[in-house]
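Shown next, in structure tokens, is the structure this report addresses.
The values are calculated or read from the model by the stated rules, or taken from the named source; none is laboratory data. Fair warning: this is a prediction, and the values are worked out from it, not measured in the lab. In this analysis, Cβ positions are derived from the backbone assuming ideal geometry, glycine residues included, and neighbour counts consider all displayed protein chains. These accessible areas exclude ligands, DNA and RNA; they are computed on the full protein's heavy atoms, side chains included. Shrake-Rupley method; radii C 1.70, N 1.55, O 1.52, S 1.80 Å.
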Amino acid sequence: MFSASYRRKLILNLTILNNRSSSLSQGFTHHSAPVPVNQFLASFTRGLQNPSLIHLRNISEIQHRNYGSEASIVQRNPKFSTINNDDITYFEKILGAKKVIQDNEELETANTDWMNKYKGSSKLMLQPDNTEELSQILKYCNSRCLAVVPQGGNTGLVGGSVPVFDEVIVNTRRMNKIISFDEVSGVLVCEAGCILENLISFLDQKGFIMPLDLGAKGSCQIGGNVSTNAGGLRLVRYGSLHGTVLGLEAVLANGDVIDMLGTLRKDNTGYDLKHLFIGSEGSLGIITKVSILTPPKLSAVNIAFLACEDYASCQKLLFQAKRRLGEILSAFEFLDAQAMNLVLHHLDSVRNPLPSSIYSFYVLIETTGSNESSDKEKLEAFLLHAMETGLVSDGAIAQDSSQASSFWHIREGIPEALQKAGAVYKYDLSIPVEKMYDLVEDMRLRLGDDRANVVGYGHLGDGNLHLNVSAPKYDDDILAKIEPFVYEWTSRHRGSISAEHGLGLMKAEKIYYSKSSETVQLMASIKRLLDPNGVLNPYKVIPPSLLS
């Protein structure tokens, strides 16, 4: 532990923002009076049960418009059939009329992505109840050469979950049953249409958590999450879905059901084919069931919202967090001042936890552990080091669940704020951490005027930048300055043009910036093997020219 003389050197100016707990505030001097750091460190890690917030001062057409990407301009494959009355009759026979959707209002929603950037013209949406019904749908569509787009919660950002033309929409929302949960192993088995937030709530009651957490959890479905290999807020702690998904069931284009729904952590019997479907965006088969390993819910949770003067400090803070917090570090998110300003301006429910100033960068750190005293010691050492070295300029520690949620709402609310601000060009990139924010700054220099606001935020803990360019309206001149520059820059720095959102329609033709020609050719060969007619989610993931 630290000596008394050392502690006395580190004095914090603490402001109690919410003095609802006399036990916490006892011994503190209010109105920004100095408080010895040992009093602070003895108090702030009492957990989320305490209802006070401690404020730390000075702790150093896809068919009709090309506004998403040049790759959005595609031609309908002439070999695909169009829907006729006989098709409708068949689908009503196997599904029932209520699950064969032709209502214009419902189809308008299903044809359009949530950003209102991609819009198809499908005249039919099917909603199977189970794997057998979905199998019959695909078998028939393949025989008729009717193109199909799988759709879950339709929360994607690259045009992967909506039709490009008149593809039949197969929506899995009715396949939403939890099949089993083993409280010894923590293995959850469920259908693909389960909404992520519902799974989180179910597991919370069992004393477990999902290894995946997303801002869109209230709408997105686990099948879509797995199909896109969604990353999210907990990847730094629990890894990707390639590691946590133990098994799955999928239906191929010809209707064959592939049962890979294992629940074992070890199974070394041949090729582990489930990995072909994780991240394939429904282009190889439609996932119908998933088994996933869920970690136990741990009791000691702390969330800090910190301010840094520059990006270099954010990097150093991440390095120190990994070293000093180790296994209890569960999230490390960052956002720049532009992102913070957007959230404060466009979301009425958001309040700035550090109202004294707008800083250049903000970092949200979450720790999760099972040993309160040990976690407290690690967090204490981390904060002391951050203060001593001047990495943190200001900060706040959540002291109850409401304040924790408000901190997370700032980070998770950025996409909504961007949407409210106007048109937005979104890029999801993996870049070496030391170079990540260079792209944001280079993009600002390249655009060079007031028509566009360049915003940077994302999962700093795993090198995932969400680069967003916000403008009053979509503008071809702005797009021409962004693309292909953003892809060339990322490729030159050996990054990936898609960290977690997938390729979809937006980036299918851009895949060569991240994958070699030989790799893409092999991917196309696998696609042709599993879907020889190309009916599953056409025009996406793989350049259409390779499959024609």
How about K510: which aspartates and glutamates have a C-alpha closer than 20 Å to its C-alpha, ignoring those fewer than 8 places off in the same chain?
-> E61, E70, E281, D428, D476, D477, E483, E488, E500, E518
Roughly how many Å² of K117 are accessible to a 1.4 Å probe, to the nearest 10?
-> 10 Å²
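How much of the accessible area of segment 422-501, probe 1.4 Å, is carbon plus sulfur, in whole percent?
Values: 1350 of 2980 Å².
It is 45 percent, rounded to a whole number.
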Would you mind calculating the relative contact order of segment 422-501 from Cα pairs under 8 angstrom and at least 6 residues apart, reporting the percent as a whole number?
-> 46 percent
Computed ³J(HN,Hα) along segment 466-478: with the Karplus parameters 6.51/-1.76/1.60, θ = phi - 60°, integer Hz and x for glycine or proline, the list is 9, 8, 10, 10, 9, 9, x, 8, 5, 9, 4, 5, 5
Pairwise FRET efficiency - N341 versus R76, Cβ, R0 = 41 Å, nearest 0.05 | 0.45
Inter-label distance for A312 and E377, nm, one decimal - labels placed 7 Å from Cα along Cα-to-Cβ = 3.4 nm
Anything over 28 Å Cα to Cα? Flag those among K119/K420; K93/K123; K316/K420, in the order listed.
-> K316/K420
Beyond 18 Å between alpha-carbons counts as too far, so tell me which of K177/K527; K117/K507; K117/K473 fall in that bin.
-> K177/K527
Only Lys, Arg, Asp and Glu count, each charged at its Cβ (+1, +1, -1, -1), so figure out the dipole size of segment 336-416 about its Cα centre, rounded to 20 debye.
-> 120 debye
Could you give the size of the charge dipole of segment 422-501 about its Cα centre, using +1 on the Cβ of each K and R and -1 on the Cβ of each D and E, expressed in debye and rounded to the nearest 20?
-> 20 debye
Rounded to the nearest 0.05, FRET efficiency between E183 and S370 (Cβ-Cβ, R0 22 Å) equals 0.85
Packing-ranked peptide list from 470-480, 95-105, highest mean Cβ count within 10 angstrom first, is 470-480, 95-105
Mind grabbing the accessible area of R76 for me, 1.4 Å probe, Å², rounded to tens?
-> 70 Å²
Sum -39500 (n - 2.57) across every DSSP H segment of at least 4 residues in the chain, then divide by the residue count to get the 222 nm mean residue ellipticity, nearest 500.
-> -9500 deg cm²/dmol
Provide the per residue accessible area, probe 1.4 Å, for the chain, rounded to a whole number of square angstrom.
-> 41 Å²
Work out the FRET efficiency for I358 and S491 from their Cβ-Cβ distance, taking R0 = 45 Å, and round it to the nearest 0.05.
-> 0.85
Relative contact order of segment 300-415, defined on C-alpha pairs under 8 angstrom at six or more residues apart (%) | 47 percent
Toy charge model, Lys and Arg Cβ at +1, Asp and Glu Cβ at -1: the chain dipole around Cα centroid in debye, rounded to 20, equals 820 debye
Percent of C-alpha pairs per 10 Å bin, the chain, short to long | 4, 17, 27, 24, 17, 8, 3, 1, 0
Summing Lys, Arg as +1 and Asp, Glu as -1, what charge do residues with Cβ under 14 Å from the Cβ of A312 carry, A312 excluded?
-> -4
